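Trainee: Below are the C-alpha cells for one structure; questions will follow.
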C-alpha cells in the first residue's frame with residue numbers, strides 16, 4: 001500500500017492556501033479577539049464565525065425528528081446579533097467563511113472551548129475533499145437554561161489534514177448533496 005496521511009496542517013500552510021487557492025474566504029490572517037469569542041488563523045487550524053441568521057429548533061408542531069423526512073416547520077427563523085437557544089434544544093447556523101477544500105485535504109470542525117465550558121456544543125463536522133460552500137453548523141444547548149450564541153464571533157475550529165495522495169472519489173466527483181451550499185441547509189437524503 002502506498003501513500004498515507006500527513007499530520008495536521010500548520011498556520012503557514014493554511015495562510016498560503018487561503019491567499020493563493022481561496023481555501024477560506026473571507027480570511028483573517030491572525031486571531032481576532034478584542035472583547036469577543038476569537039476567530040481567524042490559529043496555530044494548526046482556523047476559527048470560523050457564525051453568521052447572524054439562525055434556525056432555532058422548536059417542537060410546537062409535536063414533530064418527530066427524522067433525518068429522512070425532516071419537517072422544516074420544526075424551526076423558527078431568526079436573524080440577529082444574539083441567538084437564544086432554548087434549554088435542551090439546538091439551532092442551525094452557517095459559517096461566515098466560504099470554503100473550497102482541495103482534493104488531498106479533509107477537515108474536521110470542532111466546537112470552541114469557550115462555548116463547551118458553558119454546555120454549548122458545536123457538532124463535529126467533516127469537510128470532505130473537494131467540498132465547497134458555507135458550513136451549516138449545529139449548535140446544541142445541553143443545559144436546562146437558555147443559552148446565548150453571538151453572531152459574527154468565533155463558534156468552531158476547522159482542523160486541516162492533508163494526504164500524500166489524492167482520494168479516488170471526492171465529494172465533488174460523487175456530486176454530494178451539500179455541495180456549494182449557500183445558506184443554512186436542512187438534512188436531505
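Trainee: Mean-square fluctuation check for the chain, GNM, Cα pairs under 10 Å: which of 142, 20, 58 is largest?
Mentor: The residue that fluctuates most here is 20.
Trainee: Where a ≥ b ≥ c are the square roots of the eigenvalues of the C-alpha gyration tensor, would you call region 114-187 rounded, which needs a/c under 1.5, or, failing that, prolate if a/b is larger than b/c, or oblate?
Mentor: prolate
Trainee: While we're looking at this one, here's another question. Taking 2.2 N^0.38 Å as the expected size of a compact globular protein, what ratio does the Cα radius of gyration of the chain give against it, to two decimals?
Mentor: It is 1.06.
Trainee: Please list, by residue number, everything in region 120-160 whose backbone N is under 15 Å from a paramagnetic label point 7 Å out along Cα→Cβ of residue 8.
Mentor: 124-127, 156-160
Trainee: Then there is this: Sorted by packing (mean other beta-carbon atoms within 10 Å per residue), highest first, where do 119-131, 25-37 land?
Mentor: Listed from highest to lowest mean packing, they are 119-131, 25-37.
Trainee: Which three lengths, in whole Å and largest first, does region 59-168 cover when its Cα atoms are put on their principal axes?
Mentor: 48, 33, 22
Trainee: Grab the DSSP H runs of the chain that are 4 residues or longer, score each as -39,500 (n - 2.57), total them, divide by all residues and round the 222 nm result to the nearest 500 deg cm²/dmol.
Mentor: Numbers: 2 runs with 15 residues, N = 189.
Taking each H run of at least 4 residues, the total per residue is -2000 deg cm²/dmol.
Trainee: Can you tell me the relative contact order of the chain? Whole percent, Cα pairs under 8 Å, sequence separation 6 or more.
Mentor: 28 percent
Trainee: I've got another one for you. Comparing 155, 50, 108, which has the greatest mean-square fluctuation in the GNM of the chain with Cα pairs linked when under 10 Å apart?
Mentor: Highest fluctuation among the options: 108.
Trainee: Let me ask something else about it. With a 10 Å cut-off between alpha carbons and a GNM built on the chain, which of 40, 133, 80 moves the most?
Mentor: In the Gaussian network model the winner is 80.
Trainee: Further, regarding this structure: Sort 55, 21 so the one with the fewest other Cβ atoms within 10 Å of its own Cβ comes first.
Mentor: Sorted ascending by nearby Cβ count, the order is 21, 55.
Trainee: Just the ratio, please: alpha-carbon radius of gyration of region 40-98 over 2.2 N^0.38 Å, N its number of residues.
Mentor: Details: Rg = 14.3 Å, N = 59, 2.2 N^0.38 = 10.4 Å.
Here the Cα radius of gyration is 1.38 times the empirical estimate.
Trainee: While we're on this one: Volume per residue, Å³, of the convex hull around the alpha-carbon atoms of region 1-112?
Mentor: Cα convex hull per residue, to the nearest whole number: 169 Å³.
Values in this text are rule-based calculations from the coordinates and carry no lab data. Since the model is a prediction, treat every value here as computed from it, not as a measurement. Neighbour counts are summed over all protein chains in view; Cβ atoms, including those assigned to glycine, are modelled from backbone coordinates with ideal geometry.
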